[in-house]
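Read the figures in this text as sums done on the coordinates, not as results from a lab. Computed from a predicted model, the values in this text were never measured in an experiment. Don't worry about glycine lacking a Cβ; one is built from the backbone with ideal geometry, like all the others, and counts go over all protein chains shown.
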Amino acid sequence: MKRLTFWLYVLLSVTIILAGFVEILQQQWASLGMSLLALVFMTLPFLIEKRRNIQFPRIFLNVFLLFLYASIFLGTANHFYYRFWWWDKMLHSLSGLIFADLGYLMAMYLQRKEKKDVDFSRWVSALFAFCFSVASGAVWEIYEYTMDKTFGSRYQGFGIDDTMTDIICDTLGALIFGLFLFYLRKRKIKVISKN
């Protein structure tokens, strides 16, 4: 699985770099900036793993890489948010799942370090995961609002309707992840581990 993650990262990075050259030739500086931002965010998990001597579950990391690629590179840099009406809602629903998973992984990792009761930890971690995901969605909406007001962008589309629909999608994604945890409550779930 490590090899798959490595090659996925390389493939996605190469496409972003190639697109970056095109963006330079066409002087699309905003798209170039978003492409570079996508590369930075896609590299961060690997830097965290190396610096903290931990390892994220590979399935989570693969999904996270694809999400960043779809949202920052395809969505913003390549204008998929404007080309496909459903792109924003799809990604907000997925972000609810992904950030709930990230919150769960962080909480379980921290509680395992404290050697807490696993069943209790799983429920507390699931609650934290839900709250973490919904809060992440709210912070993202603050970012969109700030960008719209500061730079005149149109991240929020139709104002409050877009914002509320996005937060509802984030919340539904987090709720689906919580139900998934409930269904898997007796099974072993991969969490962040020490290298």
Amide H of ILE54: which non-local residues (sequence gap of 5 or more, or other chain) have their own amide H closer than 5 Å, using H built in the peptide plane? ASN195
Quick one: 3J(HN,Hα) in Hz for the stretch 24-31, Karplus 6.51/-1.76/1.60 with θ = phi - 60°, rounded, Gly and Pro as x. 5, 4, 8, 6, 9, 5, 5, 5
Virtual spin-label span in nm between ILE54 and LEU110, 7 Å along Cα→Cβ: 1.0
How high is the FRET efficiency from VAL10 to PHE182, r the C-beta distance, R0 45 Å, rounded to 0.05? 0.80
To the nearest 20 Debye, how big is the dipole of the chain about its Cα centre, given +1 on the beta carbon of each Lys and Arg and -1 on that of each Asp and Glu? 1340
